[in-house]
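A short worksheet on the structure shown next.
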Amino acid sequence: MNLREQLIQEITSAFATVERGAGLTLHEAVTFEGNDYWTAAERARVRALDPETRWQDIPDSALEECEDRWAYDEAGFRYHLPAYMRWHLRHPHGLAPHHGGLLYWSLSLRDQKLKDRARWERSWDKYSLEQKRATARFLEFMAREAAQLGHPPHIAELADVAWKSYWFKFKSAGSNCMTKSQP
């Protein structure tokens, strides 16, 4: 099993029990972009476009359609995060030159005031240590992988900034994606 497959397995295991619940669906996050100006009927219609309750069942085509165009609530982001990480690992050559940045930007803490940094870090408290470690390993791997796959430099840079801004703390002992051989 290569490193990419190991990471997919780690993400799948760490986030195995995460369900959507009341969190925003993929199409709700794209359609409503964080505003509350929609009727209950409009929300129900758009929510019905995403019948999955388990992130593992989200089709790759839906993730591709909505890449870099969403505004999730916390529950919706937690539900979609492992699906997006898995998609990026499954389709390393599948990103358009300008895509992929929103995921890394959402996982990054940059230029924050001290009080904002503390609030941002607390927002990850609901994630288990295994989920944080899987996210850290994903970001570390993608910081190296994006450049090797010929993605624009900003994609590798965004993944690296995210990893270094917070997630490096969750690197598990004995794991070093940056020095392992390319799968």
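The values are calculated or read from the model by the stated rules, or taken from the named source; none is laboratory data. On a predicted model such as this, the values are computed, not experimentally measured, just so you know. In this analysis, Cβ positions are derived from the backbone assuming ideal geometry, glycine residues included, and neighbour counts consider all displayed protein chains.
Within the set of pairs 6 or more residues apart or between chains, which connect a residue that is closer than 22 Å to Ala146 by Cβ inside segment 62-89 to a residue that is of a type in the set (A, V, I, L, M, F, W, C) and outside any helix (DSSP H, G or I) with Cβ atoms less than 6 Å apart?
Within 6 Å, the pairs are Pro82/Phe15; Ala83/Ile58.
For segment 64-91, what are the residues that are at pLDDT 70 or above and not in a helix (DSSP H, G or I)? I'd like the intermediate steps shown before the answer.
Quick first cut of segment 64-91, residues at pLDDT 70 or above only: 64-67, 70-91.
Across segment 64-91, the qualifying residues are Cys66, Glu67, Trp70, Ala71, Tyr72, Asp73, His91.
Which of the residues spanning segment 1-45 are within 15 Å of the chain's Cα centre (by Cα), charged (D, E, K, R) and within 13 Å of Tyr72 (Cβ to Cβ)?
Answer for segment 1-45, where residues must be within 15 Å of the chain's Cα centre (by Cα), charged (D, E, K, R) and within 13 Å of Tyr72 (Cβ to Cβ): just Arg20.
If I filter segment 26-47 down to residues being among the β-branched types (Val, Ile, Thr) and not in a loop (DSSP other than H, G, I, E, B), which single residue comes out as farthest from Met85 (Cα to Cα)?
Val46
Check every one of the helices (runs of 4 or more DSSP H) wholly within segment 96-183 and list those with 3 or more residues that are modelled with pLDDT of 70 or more and more than 18 Å from Ala83 (Cα to Cα). If you could, list the steps in order and put the result at the bottom.
On the way: elements: 101-106, 114-122, 129-148, 153-165.
Counting at least 3 such residues, we get 114-122, 129-148, 153-165.
Sort out which residues of segment 48-63 are of a type outside the set (A, V, I, L, M, F, W, C) and either under 17 Å from Met85 (Cβ atoms) or part of a helix (DSSP H, G or I) (or both), and write them in order of number.
Selection gives Glu52, Arg54, Gln56, Asp57, Pro59, Asp60, Ser61.
So, of the residues in segment 32-60 that are within 20 Å of Glu19 (Cα to Cα), surrounded by fewer than 13 Cβ atoms within 10 Å (Cβ to Cβ) and among the aliphatic types (A, V, I, L, M), which turns out to be modelled with the highest pLDDT?
Selected residue: Ala48.
Which of the residues that make up segment 1-25 are in a loop (DSSP other than H, G, I, E, B) and free of Cβ contacts under 8 Å to residues at least 60 places away in the same chain?
Within segment 1-25, Met1, Ala16, Thr17, Arg20, Gly21, Ala22, Gly23, Leu24, Thr25 qualify.
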